[in-house]
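The values are calculated or read from the model by the stated rules, or taken from the named source; none is laboratory data. Note that this is a predicted model, so its numbers are computed, not measured. Counting neighbours? That spans all protein chains shown, and the Cβs are built from the backbone with ideal geometry, glycine included.
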């Protein structure tokens, strides 16, 4: 579990009565499942649709100390709130982060986890460009399974490296002890400028121990393995990728 030591808990509340100055407290985007209970109240923008149905959306949070409050359509009619809201892209672009190379994974995976809006750094073009530079690649595979969790590797990694990456992705998704709200079981593909696709992988990886030996087990209905007992993960990602809708809704990931 040491790999995820930076995943600290923070209680995330549903939209509440406005008790903060929404014209002054900084606004940050949050990626939420479309079935989040507050979606009908909060101001939202589409992030991903699958088969014409909303899957993920952006809502806009303000820190109220021990919880978050969310911008509503009614809030935007209050003096100064729209102007404050319009700064959300700048706020996530300048949100502090620290890229860490995972030595245990041969420095081929980076994390930037542990902060309230770590996962949403993927909305910043400058951050994606820095991640590409750190991994010496022009295409990224991104894992944001839970709040405060962000893990990235290069799209071009070999079978063993990507298998380790996906194993850690599913571990974070499944392990409720982390305490942070789930975001998505999918991974995402990006270049140095923006997220381009979401990818439902079509399989899960579990790690089991028996007689002191650990074994990876795949859960899937598909025949994944090739004759060399490896998986062409790039082929799976290309087959299953779905364009994100965020950039068709007037949202920008500019610097």
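Hey, which of the strands (runs of 3 or more DSSP E) in segment 195-234, taking only ones fully inside, have at least 3 residues that are modelled with pLDDT under 85 and over 21 Å from residue 50 (Cβ atoms)?
204-210, 213-219
Within segment 61-84, can one find any residue that is within 17 Å of the chain's Cα centre (by Cα) and modelled with pLDDT of 95 or more?
Yes, that holds for at least one residue.
Could you please find all residues in segment 124-138 being under 14 Å from residue 189 (Cα atoms), in contact with a strand residue (DSSP E or B) (Cβ under 6 Å, 6 or more places away or on another chain) and in a helix (DSSP H, G or I)?
Listed by number, the residues that qualify are 128, 131.
Go over the candidates 19, 12 one by one and state the one that is closer than 30 Å to residue 200 by Cβ, outside any strand (DSSP E or B) and at pLDDT below 95.
12
List the strands (runs of 3 or more DSSP E) that sit entirely inside segment 42-119 and contain at least 1 residues that are under 24 Å from residue 167 (Cβ atoms) and in contact with a strand residue (DSSP E or B) (Cβ under 6 Å, 6 or more places away or on another chain).
Once the strands (runs of 3 or more DSSP E) in segment 42-119 are filtered for at least 1 residues that are under 24 Å from residue 167 (Cβ atoms) and in contact with a strand residue (DSSP E or B) (Cβ under 6 Å, 6 or more places away or on another chain), what remains is 44-50, 53-63, 109-111.
Across segment 134-191, which residue is nearest to the chain's Cα centre (by Cα) among those that are without any contact (Cβ under 8 Å) to a residue 24 or more places away in the chain and within 19 Å of residue 103 (Cα to Cα)?
Out of the qualifying residues, it is 137.
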